[in-house]
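Here is the structure we will look at.
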Amino acid sequence: MALLTLENPEIATSQVRPDQSQLPDPPSTTRAAIPRASSATEAESDIFLIMKEERESISRGLGNEQPISQAPSNVYVVTDEDIRHSGATDLPTVLRRIPGLDVMQMTGADFNVSMRGNNQLPANKLLVLIDGRSIYEDAYGSMFWTTLPITLPEIKRIEVLKGPASALYGFNAFDGVINIITKSPEEIKGTTIQVGAGERGTVRAAAIQAGTYNKIGYRLSVGHDQNQQWRNGNALALRQSKVNLLTTYELSSSARLTIQGGFLGNNRFDGQVYETLTETTDKINSSYAYVSYDRPNFFIRGWWNQWSHDAEETVIPSLSKFFTITDPTGRIAQDRQRNTYNLDAQHTIEFAPAHRFTYGASYRYNHFDSNYVLGNSKDENRLGLYIQEEWRPNERFSVVAGVRYDIHSQINPTISPRVTFLYKPNADHTFRVTGAVAYRPPTIYESSIDSRGRIFPAGCPPTCTVSSGTLLIGNNSLHAEQMISYDAGYQGWYLKHRLRARIDVFYNQVSDLISFNAPTPTNGGKADIYGGEAGLEFLATSWLTGFVNASYIDIGQSVPGTAKRGAPTWKANGGLRAELDNGLNGEVGVHYVSEATYPINALFFVAAQRFLGGQAAPDQRVENYTLVNLRAGYQFWRNKAEVAISALNAVNDKHREHPLGDVIGSR
């Protein structure tokens, strides 16, 4: 793919270089931080000063900042420079470099992203935020990664927290949290235009105008994305346009009002892929509005999300000759709309230098309309209350403990505790031990789906139906999935801060997993997931940086059906980045994923065994694969413009990432 980027002189955002009057930046695609639910316009120190920890300000999780060494969780950051140098056209491709993150591409538009062995169809255990606003689809528990309402150049950094975070974030922060933080009007002041095109009909275009006037700041962006399918190069997988507007008003030197809103219109989305279905989407529209008041140690924020999705519920081709799925009236098409209203408030009190106490509350109301749910409509209410205490008796030792109480209109209340012990023997080394509990409630679909099915022999038209009736109906007796997690980690700096090492081990016990088995979803089974991750980030010379990391997973389980966990045992990532003074730059990234076995729906085996002409069920085993991603660029016009070319999966290692996914090649 070829890319052209033009920037106003005020907004050139090149990486701080070692030959400048600041400490050098590490390579990295894996800079540590903590996810937060804060406005993108909050004042923050330079993320590139990672090697000088005392000057680095890292978000605590809900609008506050802290040094990296005090982070109470296993956390990483991907910066805007990492996104730019990766050459990626979507965020899941960028996220592959983080150890322990599971990325599974199904089609040219559909991705599933999860952590530490919990990926599935669809992935529903990871909370995703943009500037603290949830974009996780509560109604059916999934993420549409390629339909984000913002453009890539607007992103300042992506903060990734691995491990349960329900103690602060509540439901759905099960595997962890990914918070996408956008640039403030001051940080992206001026005009930015980015246009790219490449193989398989790939087009990415964005235009951003931002500025400040007295106490007012603004950022306006528009974007367009499209590309073709993997399985059919003549058919669209994705086509959409978006617009986003952010405004800020400085009420005082320490208080700010932020108002933000946007719209995305999509008229082609190839997916999502489910256990027996793939959706042919004619239209996805999403809108949002966000308002916040922030001052030191306090915020109150409210937002509204609307999501409408018109799609054909198409049975996966290898099963389509055996059965169909419809709503109760026999209609295949599904029309659905979700409206979410959310309010958050938080206050922090510092009793003394050794104590910091935080308390807060959140309320959410979901309303969902669909011809595939009981009564064609469903309402859901959520209320959460939480507290957290940070105690630091001396410079070497600290404890962070918190608990959250969540009320949900469909299930019993839940209590989510978390405690972290941090030991810092000196300024360059930190040891951490964390224990936490998290919950994921049943989605509206899991508790209220209402569908019908018709089963017939191969070659027989739908008029000679063998059986018909209820195929799947929701279960109001479901209870929340639970994770109990233990995590220990170390990070340290060596060679005068030219090398950073990170090691983490974990044990997750997952129970009451919800399985979508006909005729009704059920809870059942338990999985014990063990693993470890290790990585290095290094500064080789003033112009060359690099990283290498690896992760290991072992799963023992007694889980039925498609709720069974599947994951590659080994994953490894590495990369080198060069940035020369003459404007030339380049990056090579390598991602290895070992073989894995994933569960598939029993209907595949039934169809293969019972029906004349039935074909064999898909192989549940996915072979290992290696992705080599390349990018080369040249900055000119005083670093205000750049041309670049990238190749994703440059060696064309053709592979599937799930038994039901498309064959992925190079682009």
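Scanning the stretch 652-667 for residues that are at pLDDT 95 or above and aliphatic (A, V, I, L, M) turns up Val663, Ile664. If you go through the stretch 230-242 and keep only what is of a type outside the set (Gly, Ala, Ser), at pLDDT 95 or above and surrounded by fewer than 21 Cβ atoms within 10 Å (Cβ to Cβ), you end up with just Arg239. Only one entry in Arg116, Arg133 is within 25 Å of Ala572 (Cβ to Cβ), of a type in the set (D, E, K, R) and in contact with a strand residue (DSSP E or B) (Cβ under 7 Å, 6 or more places away or on another chain), namely Arg116. Scanning the stretch 317-359 for residues that are farther than 30 Å from Tyr405 by Cβ and among the acidic types (Asp, Glu) yields a total of 2. Considering every residue within the stretch 250-263, establish whether at least one is of a type in the set (Val, Ile, Thr) and touching a Pro at 6+ places or on another chain (Cβ under 8 Å). Within the stretch 250-263, none of the residues are of a type in the set (Val, Ile, Thr) and touching a Pro at 6+ places or on another chain (Cβ under 8 Å). Please count how many residues of the stretch 134-154 are touching a Phe, Trp or Tyr at 6+ places or on another chain (Cβ under 9 Å) and within 22 Å of Lys378 (Cβ to Cβ). Of the residues in that region, 10 qualify. Ala567 falls short on exactly one of the conditions (1) open to solvent by less than 40 Å² (accessible area, probe 1.4 Å); (2) farther than 21 Å from Met104 by Cα; (3) of a type in the set (A, V, I, L, M, F, W, C); (4) in a loop (DSSP other than H, G, I, E, B), and that condition is (2).
Residues that are without any contact (Cβ under 8 Å) to a residue 60 or more places away in the chain, surrounded by fewer than 16 Cβ atoms within 10 Å (Cβ to Cβ) and part of a loop (DSSP other than H, G, I, E, B) do occur in the stretch 589-607.
Residues in the stretch 274-298 that are part of a strand (DSSP E or B), farther than 21 Å from Asn244 by Cβ and open to solvent by 10 Å² or more (accessible area, probe 1.4 Å): Leu277, Thr278, Thr280, Asp282, Arg295, Phe298. Within the stretch 374-407, can you find the residues that are without any contact (Cβ under 8 Å) to a residue 12 or more places away in the chain and on the phi < 0 side of the Ramachandran plot? Selection gives Ser377, Asn394. The set of residues in the stretch 625-639 that are surrounded by fewer than 17 Cβ atoms within 10 Å (Cβ to Cβ) and either at positive phi or among the basic types (Lys, Arg) (or both) comprises Trp637, Arg638, Asn639. Within the stretch 247-262, residues that are closer than 16 Å to Ser184 by Cβ reach partners that are among the polar types (S, T, N, Q) and not in a strand (DSSP E or B) with beta carbons closer than 7 Å, at six or more positions or on different chains, in the pairs Thr248/Thr41; Arg256/Thr41; Thr258/Ser39; Thr258/Thr41.
Contact map, the stretch 560-572: first residue within 30 Å of Gly589 (Cα to Cα) and at pLDDT below 95, second residue in a strand (DSSP E or B) and hydroxyl-bearing (Ser, Thr, Tyr), Cβ cut-off under 7 Å, separation 6 or more or different chains; pairs are Gly566/Thr597. The single condition from (1) assigned to a strand (DSSP E or B); (2) β-branched (Val, Ile, Thr); (3) farther than 30 Å from Pro393 by Cα that Thr329 fails is (1).
Across the stretch 262-273, a minimum of one residue is classified as aromatic (Phe, Trp, Tyr) and more than 30 Å from Asn601 (Cβ to Cβ).
Scanning the stretch 570-588 for residues that are within 24 Å of Gln509 (Cβ to Cβ) and open to solvent by 60 Å² or more (accessible area, probe 1.4 Å) yields a single hit, Trp570. The single condition among (1) of a type in the set (Gly, Ala, Ser); (2) modelled with pLDDT under 95; (3) open to solvent by 20 Å² or more (accessible area, probe 1.4 Å) that Ala205 does not meet is (2).
Would you point out which residue out of Val651, Val643 is under 23 Å from Thr89 (Cα atoms), open to solvent by 30 Å² or more (accessible area, probe 1.4 Å), in contact with a strand residue (DSSP E or B) (Cβ under 7 Å, 6 or more places away or on another chain) and in a strand (DSSP E or B)? Spell out how you get there, then give the answer.
Details: Val651 fails: in a strand (DSSP E or B).
Selected residue: Val643, the only one of Val651, Val643 that is under 23 Å from Thr89 (Cα atoms), open to solvent by 30 Å² or more (accessible area, probe 1.4 Å), in contact with a strand residue (DSSP E or B) (Cβ under 7 Å, 6 or more places away or on another chain) and in a strand (DSSP E or B).
Could we say that Val628 is hydrophobic (A, V, I, L, M, F, W, C), under 30 Å from Glu275 (Cβ atoms) and at pLDDT 95 or above here? Judged against the criteria, Val628 is not a match. Annotation note: of Ser542, Ser551, the sole residue that is assigned to a loop (DSSP other than H, G, I, E, B) and either closer than 30 Å to Tyr445 by Cβ or not aliphatic (A, V, I, L, M) (or both) is Ser542.
Residues in the stretch 193-202 that are part of a strand (DSSP E or B) and surrounded by fewer than 16 Cβ atoms within 10 Å (Cβ to Cβ): Val195, Ala197.
Residues that are surrounded by 17 or more Cβ atoms within 10 Å (Cβ to Cβ), under 26 Å from Ala563 (Cα atoms) and over 24 Å from the mean Cα position of the chain (by Cα) within the stretch 497-519 comprise just one, Asn517. Yes or no: Pro99 crowded, with 24+ Cβ neighbours inside 10 Å, at pLDDT 95 or above and more than 12 Å from the chain's Cα centre (by Cα)? When the stated conditions are applied, Pro99 passes them.
Being hydrophobic (A, V, I, L, M, F, W, C) and more than 24 Å from Asn624 (Cβ to Cβ) is the filter here; which residues of the stretch 637-665 pass it? Those that are hydrophobic (A, V, I, L, M, F, W, C) and more than 24 Å from Asn624 (Cβ to Cβ): Trp637, Ala641, Val643, Ala644, Ile645.
The values are calculated or read from the model by the stated rules, or taken from the named source; none is laboratory data. From a predicted model like this one, the values you see are computed outputs, not experimental measurements. Heads up, the Cβs are rebuilt from the backbone with ideal geometry, glycines too, and the neighbour counts pull from every protein chain shown. The protein model used for the area step is the full one, side chains on, heavy atoms only, and it has no ligands, DNA or RNA in it. Shrake-Rupley method; radii C 1.70, N 1.55, O 1.52, S 1.80 Å.
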